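Input: a single structure, listed below in structure tokens.
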Amino acid sequence: MQLTLKIWRQAPGNGQGKFENYNVVANEHMSFLEMLDVLNQDLIESGKDPVAFEHDCREGICGTCSMVINGRPHGPLQGTTVCQLHMRFFKDGDTITIEPWRAASFPIVKDLVVDRSSFDRIIQVGGYISVNTGQAPDGNAIPVERGEASKSMDAAACIGCGACVAACPNASAMLFVSAKVSHLALLPQGEVEDDKRVTAMVNQMDKEGFGNCSNVGACEAECPKEISIANIARLNRQYLRASLSGE
Amino acid sequence: MSLHSKVPPGELAEKWTNYRSSMPLVAPNNKRRLEVIVVGTGLAGASAAASLGELGYQVKCFTFHDSPRRAHSIAAQGGINAAKNYQNDGDSVYRLFYDTIKGGDYRSREANVHRLAEVSTDIIDQCVAQGVPFAREYGGLLANRSFGGVQVSRTFYARGQTGQQLLIGAYQALSRQINSGAVSMYNRHEMLDLVVVDGKARGIIARNLLTGKLERFAAHCVVLATGGYGNVYYLSTNAMCCNVTSAWRAVKRGAYMANPCFTQIHPTCIPVSGDYQSKLTLMSESLRNDGRVWVPKEKEDVDAIRNGNTRPEDLPEEKRDYYLERRYPAFGNLVPRDVASRAAKQACDEGKGVNQSGLAVFLDFADAIERYGRSEAKSQGLENPNNSDITKLGEGVVEAKYGNLFEMYEKITGDNPYKTPMMIYPAVHYTMGGLWVDYNLESNLPGLFVLGEANYSDHGANRLGASALMQGLADGYFVVPYTIGTFLSDEIRNPAISTDQRAFEEAEQATRDRLNKLISVKGNQTVEAFHRRLGLIMWEYCGMSRNADGLRKGQKMIQELREEYWNDVLVPGNADEFNPELEKAVRVADFMEMGEMMMEDALNRDESCGGHFREEYQTPEGEALRRDDEFTYVAAWEWVENADSVLHKEELTFENVELKTRSYK
Ligand SMILES: Cc1cc2nc3c(=O)[nH]c(=O)nc-3n(C[C@H](O)[C@H](O)[C@H](O)COP(=O)(O)OP(=O)(O)OC[C@H]3O[C@@H](n4cnc5c(N)ncnc54)[C@H](O)[C@@H]3O)c2cc1C
Ligand code: SF4
Ligand code: FES
């Protein structure tokens, strides 16, 4: 299949970038990233600068790959990361627009590569249970109701990719933060530090410059792990309770 | 130089406990003045950095990823073993120890493996306390499943995302230490050299990947937890960026590489579909609990399936060869990985491969769906359920167990595995070989500790499923935080190590020269093109089966490829900028040298054991033929510039298990 790619190119340290057009021949069995590999091989061989994009596992689990395809973070397929997207979902002759995540809190490093360390800093202020190595009681000492464990797991499935931020018109990180808050709050082990955790994480999120949540719901629609927006409601309830209790 | 395993004396089951209570300790006030570099934030590195930080050491932690949470450990699907015996099915520390020694085909060190089995139970406790959402039974207690090569249920799991959940647990513990200031985290920093001062590992040279700048970091000791080298084969189930560079640089500075030829080829991966392919996707081994492996008995049925005239699900039972169940009735579809992979290769070599390229076998869930459907119907009290009800119920159970794997399969292949059998083929997955370490996890280079997949320690010639996660976390949470004291207790009088020393200067300059040389070749072929060629050579001559002629030929081909590389590689851009192609170029250069050493090791080992199958050494039935009289040793290779590598042997002694021919029949 013959494709035209409209790709955002931006040099490091440069606040400005622009779209450039490329032609590439792909086949339908390739993954989207393999199609970009083909493009990059061509670019390198013809003495041009390859397109910088990030990836690692190529299995939809590490959260590294990140690009907006035809206006949608991770592309057209529901519940799918870019690396799991295959070319059979495109047609011969298509023009595909590819851009980086766009959010002030994710500065562009180069082309499609952005800096998501703001997410790490949010976790660092409280996205954990405070237990040192060797302090744990027997694993079966605290039974966890199966349904609750499963809800916690649903939230824990977040891969920290940042698509929710890229999808949100306010560039809010609420879905990401609420996923972590919920993962831990739904477990008896995590409940203890609830108030402290939610307050610290929300404050850090604000400090990083992420926008406010106005319930648009675009995050849930684009999240490759289908993290539910119900987590945001849970976060809001907890945050309110924590503020009332003075944390 | 002779190799000291430093295994403590005493009864096997008491060694670790006694050793721990008698080993030198570092007092808290001294810990604060001691610095440790940890390279890698996978399960091994993150758990070590967090635990060392908690203990009070000053830790500098490095990853080339943009965040510590992205390490390759995240991709592990199936689970983690522990001898909890929660299922009351006869499991014990001894049994886990025994299974691991046997599974490794008697090529690992008894004392290390026993310690691993002992601490396995602590790992589960620790992870639960951190909030890892393991699967639960209805009563709220932890659930288990079984994995290949064993007859008990001791694998803990979090859906099909066990690695992710364990890594997030370790990442969170690490984040907490970063927040407290105990750990300084350096993301997007790639270690490109090890600095050795007066015979001790004292620092690293790292490239800041954002700016391209080379930076020096010093510490009292260095911990490498940088993962495995499976990507030497180009195509593997490893994440794209996994590489051997940090370990290889350590080798070039004097550390020994142990058993490099021991590679694990995983039996259940999605087959290769074309030559543009960039990686292979694993379908978790847990699928073999319920999936049945088969190929058609007759060639005509193979052809009919290949050209689409027969649907595999329509081929009658009597025309199928469930070859694992037939050949290995005791373990059936749950034989260890090396056995299952080789059997798939044999089936395909006989012309029974079921896809276009002839390199695939079926993994079929139809029976499981029916079995689960019936029992679910019964437990729901359905009278006379019809077939479609049963199928529906059964699919529900299978979905609950393997839903995300089935979904992944369908995304990649476009086939629905609930309706038609999966196609699978073996692929490179894990490397048992790695830097040589003693009982303390310290290499022959003093002050260099090696954890996780990067060391060779516990899996012998073959790793059992769900044991890598266990080993990574054992090393990081429960072993190195203690054993590092054996080295650091002698360092308390040494002030902070300075980077203003000749050794640092020299290492930095050597690294700069290497990078500039790669950039300056400006040849005609991309790094990727070379890497693919290297992969093909490795797979052909040092893959699922090996022979002396092939290995010699392969070695020669790699030498030629290396020569060509340094004369014709095309790396765009410059060294002093963000340059992902240069990152790859450095890694591929090291892979080539490593590949040669793997062949050397495979050639030296005139026996078949575990993942290493030498065609010259097999039984009349085609099973591996081990040669214990001559090869019960760890082969530790010393690199010598411009000369052959030198072999050092660590003889393995077995005082507690009897060496037997592995039989899964
Ligand atoms: C698809 C797949 C599924 C698996 N499933 C299972 C399973 O179910 N159960 C099981 O037990 N095992 C499983 N394994 C194996 C297991 O995941 C790995 O062996 C294990 O996670 C390795 O952990 P590690 O900490 O040693 O290394 P890794 O997780 O590979 O981490 C390496 C770290 O080192 C860093 N690094 C490397 N080189 C450098 C450098 N030069 N400079 C700076 N940083 C560097 C990386 O950034 C990374 O942080 C699976 C493996 C694969 C490929
Ligand atoms: S919530 Fe979803 S979109 Fe946001 S970071 Fe997590 S996985 Fe990505
Ligand atoms: S590359 Fe890992 S999620 Fe896409």
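Descriptive notes on the structure:
- Helices (runs of 4 or more DSSP H) wholly inside region B:1-92 containing at least 2 residues that are within 16 Å of ligand 1 (Cβ to nearest atom) and at pLDDT 95 or above: B:43-55
- Residue match in region A:103-113 (condition: at pLDDT 95 or above, facing chain B (nearest Cβ under 7 Å), within 16 Å of ligand 1 (Cβ to nearest atom) and buried (at least 21 other Cβ atoms within 10 Å of the Cβ)): no
- Residue check: A:G93 meets all listed conditions (1) surrounded by fewer than 24 Cβ atoms within 10 Å (Cβ to Cβ); (2) in contact with a Cys (Cβ under 6 Å, 6 or more places away or on another chain) but one, namely (2).
Each row is one residue, and each column tells you yes or no for (1) within 14 Å of chain B (Cβ to nearest Cβ); (2) buried (at least 22 other Cβ atoms within 10 Å of the Cβ); (3) not hydroxyl-bearing (S, T, Y).
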position: A:A156; (1), (2), (3): yes, yes, yes
position: A:G162; (1), (2), (3): yes, yes, yes
position: A:E193; (1), (2), (3): yes, no, yes
position: A:S214; (1), (2), (3): no, no, no
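- Filter pass, A:P100 being within 17 Å of A:L112 (Cα to Cα), within 14 Å of chain B (Cβ to nearest Cβ) and more than 14 Å from ligand 3 (Cβ to nearest atom): yes
- Within region B:48-79, the set of residues being within 17 Å of B:G228 (Cβ to Cβ) and more than 16 Å from ligand 2 (Cβ to nearest atom) comprises B:A48, B:T63, B:F64, B:A71, B:H72, B:S73, B:A76, B:Q77, B:G78.
- In region A:18-51, the residue that is farthest from the other protein chains (Cβ to nearest Cβ) out of those that are touching a helix residue (DSSP H, G or I) at 6+ places or on another chain (Cβ under 8 Å), in a loop (DSSP other than H, G, I, E, B) and surrounded by fewer than 17 Cβ atoms within 10 Å (Cβ to Cβ) is A:E28.
- Any pair with Cβ under 8 angstrom, 6 or more apart, that starts in region B:300-315 at a residue that is without any contact (Cβ under 8 Å) to a residue 40 or more places away in the chain and ends at one that is in a loop (DSSP other than H, G, I, E, B) and buried (at least 17 other Cβ atoms within 10 Å of the Cβ): B:D301/B:T310; B:D301/B:L315; B:A304/B:T310
- Pairs are defined by a Cβ separation below 8 Å, a sequence spacing of at least 6 or placement on different chains, a first member in region B:616-629 that is modelled with pLDDT under 90, and a second member that is assigned to a helix (DSSP H, G or I); the pairs so defined are B:G622/B:Q346.
- For region A:62-89, filtered to residues that are more than 13 Å from the chain's Cα centre (by Cα) and among the aliphatic types (A, V, I, L, M), the residue that is farthest from the other protein chains (Cβ to nearest Cβ) is A:I69.
- Within region B:406-424, residues that are free of Cβ contacts under 8 Å to residues at least 60 places away in the same chain have Cβ atoms under 6 Å from residues that are in a loop (DSSP other than H, G, I, E, B) in these pairs: B:F406/B:P417; B:E410/B:N416, counting only partners at least 6 apart in sequence or on another chain.
- Some residue of region B:563-573 being more than 14 Å from chain A (Cβ to nearest Cβ), of a type in the set (A, V, I, L, M) and farther than 18 Å from B:V244 by Cβ: no
- Residues that are more than 23 Å from the chain's Cα centre (by Cα), crowded, with 18+ Cβ neighbours inside 10 Å and either within 14 Å of chain A (Cβ to nearest Cβ) or closer than 30 Å to B:A602 by Cα (or both) within region B:381-405 comprise just one, B:K401.
- Within region A:32-86, considering residues that are touching a Lys or Arg at 6+ places or on another chain (Cβ under 6 Å) and touching a residue at least 40 places away in the same chain (Cβ under 8 Å), the one farthest from ligand 1 (Cβ to nearest atom): A:A52
- Residue within region B:554-563 that is over 28 Å from the mean Cα position of the chain (by Cα) and surrounded by fewer than 20 Cβ atoms within 10 Å (Cβ to Cβ) present: yes
- Any hit, region A:164-187, residues being within 14 Å of ligand 2 (Cβ to nearest atom), modelled with pLDDT of 95 or more and within 10 Å of chain B (Cβ to nearest Cβ): yes
The values are calculated or read from the model by the stated rules, or taken from the named source; none is laboratory data. The structure displayed is predicted, hence computed values, not measured ones. Don't worry about glycine lacking a Cβ; one is built from the backbone with ideal geometry, like all the others, and counts go over all protein chains shown.
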